Amino acid sequence: MSASPSSGDEALRAAAERAQATRDVNVPDFTDLPVPPDTANLRQGPELAEECLSLLPLVGVWRGEGEVVYPTIDGPYRFGQQLVFSHDGRPFLRYESRAWLLDADGAVIRPAAREVGFWRPQPDDTIELVAAHATGIVEVYYGNPRSQTSWELTTDAVARSQSAKEVDGAKRLYGIVEGDLAYVEERAMVGQPMQPHVSAKLQRIAG
């Protein structure tokens with residue numbers, strides 16, 4: 001059943017009225033939820049779950065630059081990136097990544113990759129990482145801590161939407177190096193074998 005023109009006009013009027021109350025609000029940090037808020041600062045908010053102690057050095061907000069390269073792109077390209085590892089007291093970390101392409105002088109060209117997910121440590125010291133990309137790809141990684149300040153993960157399953165690139169697998173190595181967070185990612189995709197794709201070194205800005 002199609003909507004009448006008058007109902008469309010009414011919806012527009014209602015949206016305009018709502019905008020009067022919400023026009024200055026953008027992705028707010030709601031403080032009135034009845035559950036603990038996420039925190040990326042171990043000095044604030046809920047106590048980190050004991051199960052997450054092997055991931056404790058990751059908790060925080062990290063920002064810096066990296067490089068992306070692959071045989072199917074013209075790169076290498078520079079990019080800026082922010083990673084957020086936060087928690088709400090339960091036995092997992094929430095993970096969010098935002099990146100932006102940079103030119104040779106460090107100026108921002110445009111927004112780039114986005115990714116969200118959860119790091120889920122298990123009783124046997126295994127780490128599960130479920131990661132969803134804005135490009136239509138969902139990956140399930142398994143791995144382990146290599147030391148108290150480094151972690152290695154490899155994909156166990158990859159799913160993608162019809163419009164996403166073909167991805168066969170990926171590997172990631174994260175480590176705290178002289179107080180910074182460094183990582184290297186390898187990928188097998190679009191017919192290419194597993195090889196380096198992304199690397200970055202990020203500085204802690206919160207937490």
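The values are calculated or read from the model by the stated rules, or taken from the named source; none is laboratory data. Quantities reported herein were computed from a predicted structural model and do not represent experimental measurements. Virtual Cβ from ideal backbone geometry, glycine too; neighbours counted across all protein chains shown.
Mind listing whichever residues of region 173-204 are outside any strand (DSSP E or B) and either of a type in the set (A, V, I, L, M, F, W, C) or in contact (Cβ under 8 Å) with a residue 24 or more places away in the chain (or both)? Let's see the steps before the verdict.
First, the residues of region 173-204 that are outside any strand (DSSP E or B): 178-179, 190-194.
Residues satisfying the conditions are 179, 190, 191, 192, 194.
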On the given criteria, is residue 168 part of a loop (DSSP other than H, G, I, E, B) and in contact (Cβ under 8 Å) with a residue 12 or more places away in the chain? no
For region 23-67: of the residues being polar (S, T, N, Q) and assigned to a loop (DSSP other than H, G, I, E, B), which is modelled with the lowest pLDDT? 26
Condition broken by residue 36, with the remaining ones in (1) free of Cβ contacts under 8 Å to residues at least 24 places away in the same chain; (2) over 18 Å from the mean Cα position of the chain (by Cα) satisfied: (1)
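Hey, among the residues in region 153-187 that are among the small types (Gly, Ala, Ser) and within 28 Å of residue 203 (Cβ to Cβ), which one's surrounded by the most Cβ atoms within 10 Å (Cβ to Cβ)?
Taking region 153-187 and keeping what is among the small types (Gly, Ala, Ser), we get 157, 159, 161, 163-164, 169-170, 175, 179, 182.
Subset that is within 28 Å of residue 203 (Cβ to Cβ): 170, 175, 179, 182.
Working: 170: 21, 175: 16, 179: 8, 182: 18.
Result: 170.
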I'm told residue 114 meets every condition in (1) within 18 Å of the chain's Cα centre (by Cα); (2) in contact (Cβ under 8 Å) with a residue 60 or more places away in the chain except one. Can you identify the failing condition by its number? (2)
If residue 205 satisfies all but one of (1) surrounded by fewer than 16 Cβ atoms within 10 Å (Cβ to Cβ); (2) modelled with pLDDT of 95 or more; (3) within 21 Å of residue 83 (Cα to Cα), what's the number of the condition it fails? (2)
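The rows are residues; the columns are (1) in a strand (DSSP E or B); (2) more than 22 Å from residue 35 (Cβ to Cβ).
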residue	(1), (2)
91	no, no
100	yes, yes
106	no, yes
111	yes, yes
117	yes, no
139	yes, yes
Could you run through region 62-100 and say how many residues are out of contact with any strand residue (DSSP E or B) (no Cβ under 7 Å at 6 or more places or on another chain) and within 28 Å of residue 120 (Cβ to Cβ)? 3
